[in-house]
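Read the figures in this text as sums done on the coordinates, not as results from a lab. Since we're looking at a predicted model, the values are computed, not measured. Cβ coordinates were reconstructed from backbone atoms using ideal geometry, including for glycine residues, and neighbour counts include every protein chain displayed.
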């Protein structure tokens, strides 16, 4: 097996991974950094983020306000010390992106413009039209080219971590083009592999969002935290799940049911007037809006489309000029994928899985419980999203905590020592993956994958019951067993065998899905995005003001524990939206 | 449900001496993209068919291919528009094939790096640069490039001479040169001026036609020809 050495490895080259690599290079220019990604960096799913990134910017805003919006938005399951750390670092990081060339939207005087977002009490979302993630990603990638010490391994699939005696020793990667294994030995590894939305069927996520990093860490003893909290974005195209950004509503779009009625007023988000108003109606948080859709559907007030039930997202009153300037990407997508002209017609939308709020448990320095292993971005649970992430907090999370992870890992790499070779472990692991290629019997990959997705949609959806969760848990046990018995691949070649990689990804997804389902079953209350219908409809702070930790237990089901939440200055109280709030003056 | 025939170019470097065609019959609905057709094949008919894809919404730039000879993104073109077929799906022109529809993208990455696609110069000590919407408009369209490489597959010059820097990389070079925050124009002039820089372009303009994001690389190249000519004469005068 080929092997190389690096001081640290970053797995994933989306926003968090690129920011981590740049931060490590700036921390100590002598460090060698291996940046491993299964796709070219600019293909990473950060590219598809639309709305923008939050930072306290205006005179009428404060760090305290951003903190309060985030903590109440997360239904008090955020670690408040981490949120405090986070909100203070958002602005400098967005300025840094500007210095690197990100084309943020500007006011006429040349200063940065901001827009409203759901659950945010002030205009604080920096945006680059509705291609914010695209511009952040390309800016970071192109800037990373200035650093010769960042050695990229583009289209290398990270199949395993090498961990010995509780400490990271490197990663086992597959060079996709040749199918050959490569051991990259390093004392520090940053996981920045994104979420796991592809364990569900209808979602906004790219095909790459398969929870690889979560699966890697989980297998090597790091717990996954708060995995029951999956975010459904309320406005996506039925069928494909393609995202219609929250910025539509941030700019003033409205949601109506089949009778043209603004139904959100029936779900604790009204009254309608005065409109627009912060943290009310369409500017409410995502969990509440997706839940409202679910109820409207039950009441028979949604619109039937060939791709399933929908409501209407109406932009028409914004006018062609504003739509073209602020929302060009979703207008093109609505036209291409739905045949809808957003200037003239409302867009049919429905909720779809969008963001994995849980992830690999880390502290504020992005350290996991495994020595030398760090995590940042959507794959991590650093503690800022709680039970419901606010839109535009994650695009800034990737740069704030990407940087922290890069710096922490760099400091660790400078002080830690390598003992012996990781090659024997890597060889054993590679043998297991190579064996997948040679199964002569077994099921089709797509069969197992689709059954997993259907089971997750059925049992771990927007609303959950004990019965439904149990059924999904049982199904996942069965699917893991069938997966172990074998997936039979059509493709036995080594070079660019994406079917083989798909099988490895499915292995990660099944374990991550199981962590989600069992975490949800154990949370016998309703909070944020986790809603129960079976006698646990209320929030229960006495028993569940706690994080969930899922620990892997070999081939068995995960072991679930709970962990206290850090509360510093905001005591839990009822979570209010709507009401007679402040009128929003849009710029 | 209607059915369409897809003829895909296959090439496995371990087994095939030369590329070959393979036919697949794909049942489809009117909302199915060409990419979804390929995914149907992979899931149900032949798991060995190899292609790249990711976002499904024309922003990641992964799924470019020649569809009946025209470079397009698979995700935003629909099977219904090629009915009754056959639809020929080939890897992007002018690139070496790694396997089936997956091409080798490394030449583009090297070219992208050569144009120094990042802001050069010191940022303000405090806060952001000022940049008015008008100043932003100077470069904004060129920043929309998703690196999908359709323009390279369309460019006859690149087909003849792969040393040519090519449309996307030159458009991104111009994106930084035209940015009021950038001070790197001098450094990039060396790439612009060389024979395989802007002067390699013969202004066919097909690159701009196939761009799925409305970037106009031909215009970027042409503006830099003017810059390059000015640069030449200024240097002549300074002597």
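Can you give the three extents of the C-alpha atoms in the stretch A:509-585 along their principal axes, from longest to shortest, in whole Å?
Projected onto the principal axes, the Cα atoms of the stretch A:509-585 cover 54, 30, 25 Å.
Apply the a/c threshold of 1.5 to the C-alpha gyration tensor of the protein assembly as shown and tell me whether it is rounded, prolate or oblate. Spell out each step's value before the answer.
Numbers: a/c = 1.28, a/b = 1.13, b/c = 1.13.
Here the protein assembly as shown falls in the rounded category.
Across peptide A:103-110, what mean number of C-beta atoms from other chains lies inside 10 Å of a residue's C-beta? Walk me through the intermediate numbers first.
On the way: counts 9, 3, 2, 9, 3, 3, 3, 10.
Per-residue shielding by partner chains comes out at 5.
Restricting to the stretch A:435-587, compute how many DSSP beta bridges are antiparallel as a %, nearest 5. Mind dumping the intermediate values first?
On the way: 7 of 10 bridges.
The antiparallel fraction comes to roughly 70 percent.
Find the eigenvalues of the gyration tensor of the Cα atoms of the stretch A:83-174, then list the square roots of 5 times those eigenvalues as equivalent ellipsoid semi-axes, largest first, in whole angstrom.
Equivalent ellipsoid of the stretch A:83-174: 34, 19, 13 Å, largest first.
Give the residues of the stretch A:388-425 whose amide nitrogen is closer than 14 Å to a point set 7 Å from the Cα of residue A:371 in the direction of its Cβ.
Only A:412-420 pass the distance filter.
Which whole number gives the average count of other chain Cβ atoms within 10 Å of the Cβ atoms across peptide B:130-140?
On the way: counts 6, 7, 6, 8, 3, 2, 6, 0, 0, 2, 3.
Mean shielding by partner chains, rounded to a whole number: 4.
Counting DSSP beta bridges in the protein assembly as shown, what percent are antiparallel, to the nearest 5?
Rounded to the nearest five, the antiparallel share is 70 percent.
Compute the Cα gyration tensor for the stretch A:358-459, then decide on rounded, prolate or oblate, letting a ≥ b ≥ c be the square roots of its eigenvalues: rounded whenever a/c is under 1.5, prolate when a/b is larger than b/c in the other cases, and oblate in all that remain.
On the way: a/c = 3.33, a/b = 1.16, b/c = 2.87.
It comes out oblate by the Cα gyration axes.
Provide a whole-number value for the mean count of partner chain Cβ atoms within 10 Å of the Cβ atoms in peptide B:170-182. Display every interim value, and only then the final one.
Working: counts 0, 0, 2, 0, 0, 4, 2, 0, 0, 2, 1, 5, 1.
Mean partner-chain Cβ count within 10 Å for B:170-182: 1.
Test of understanding: what is the full-extension gain from residue A:534 to residue A:482, defined as 0.36 nm times their sequence separation minus their Cα-Cα distance? Mind showing how you got there, number by number?
Details: separation 52, 0.36 × 52 = 18.72 nm, distance 3.07 nm.
Separation in residues times 0.36 nm, less the Cα-Cα distance, equals 15.6 nm.
Angle check, please: helix A:328-338 long axis (alpha carbons) against the longest principal axis of chain A (alpha carbons), in degrees 0 to 90, nearest 10.
90 degrees
Of the listed peptides A:124-136, A:404-416, what is their order by residue-averaged count of other C-beta atoms within 10 Å, with the highest listed first? Provide the component values of the computation, followed by the final result.
On the way: A:124-136: 26.2, A:404-416: 22.2.
Highest-to-lowest ranking by the protection proxy: A:124-136, A:404-416.
Using Cβ contacts closer than 10 Å as the measure, can you line up A:357, A:1 from fewest to most? Don't jump to the answer; show the numbers that get you there.
Working: A:357 28, A:1 11.
Ranked by crowding around the Cβ, least crowded first: A:1, A:357.
Please label the shape of the stretch A:233-353 as rounded, prolate or oblate, based on the square roots a ≥ b ≥ c of the eigenvalues of the alpha-carbon gyration tensor (a/c under 1.5 means rounded; beyond that, a/b larger than b/c means prolate, else oblate).
oblate
With the radius of gyration and the Kirkwood radius both derived from the Cα set of chain B, what is their ratio Rg to Rh? Each step should come with its number before you reach the end.
Details: Rg = 20.6 Å, Rh = 19.5 Å.
My calculation puts Rg/Rh at 1.06.
With all pairs of different alpha carbon atoms counted, what Kirkwood hydrodynamic radius in Å does the stretch B:2-103 show? Please report the intermediate quantities before stating the final value.
Details: mean 1/r = 0.0742 Å⁻¹.
Radius from the Kirkwood sum: 13.5 Å.
Relative to the longest principal axis of the C-alpha atoms of chain A, give the angle of the C-alpha long axis of helix A:286-298, reported between 0 and 90° and rounded to the nearest 10°.
Between the helix axis and the principal axis of chain A, the angle is about 70 degrees.
Which of A:516, A:509 comes first, and how do the rest follow, when ranked by fewest Cβ neighbours within 10 Å? Please report the intermediate quantities before stating the final value.
Details: A:516 31, A:509 27.
Least to most surrounded, the residues fall as A:509, A:516.
Using the Kirkwood radius over Cα pairs, work out the Stokes-Einstein diffusion coefficient for the stretch B:131-239 at 10 °C and 1.306 mPa s, in µm²/s as a whole number.
Values: Rh = 14.2 Å.
Approximately 112 µm²/s, per Stokes-Einstein.
Show me the ranking of peptides A:208-220, B:66-78 by mean Cβ neighbours inside 10 Å, starting with the highest. It would help to have the intermediate numbers written out before the result.
Values: A:208-220: 26.3, B:66-78: 20.1.
The most tightly packed comes first, giving A:208-220, B:66-78.
How long is the gain from residue B:195 to residue B:16 if the chain were fully straight, where each residue apart is worth 0.36 nm and the alpha carbon distance is subtracted? All intermediate terms of the calculation are to be shown ahead of the outcome.
Working: separation 179, 0.36 × 179 = 64.44 nm, distance 3.70 nm.
Additional length available on full extension: 60.7 nm.
Simple spin-label model, 7 Å along Cα-to-Cβ: residue A:524 to residue A:441 in nm?
4.3 nm
Using only helices, what value at 222 nm comes out for chain B when you add -39,500 (n - 2.57) per DSSP H run of length 4 or more and divide by the total residues, to the nearest 500 deg cm²/dmol? Please report the intermediate quantities before stating the final value.
Numbers: 9 runs with 78 residues, N = 239.
Per the formula, -9000 deg cm²/dmol.
With 10 angstrom as the radius, rank A:75, A:165 by how many other C-beta atoms surround their C-beta, starting from the fewest. Don't skip to the end; give the middle numbers.
Numbers: A:75 23, A:165 7.
Lowest to highest Cβ neighbour count: A:165, A:75.
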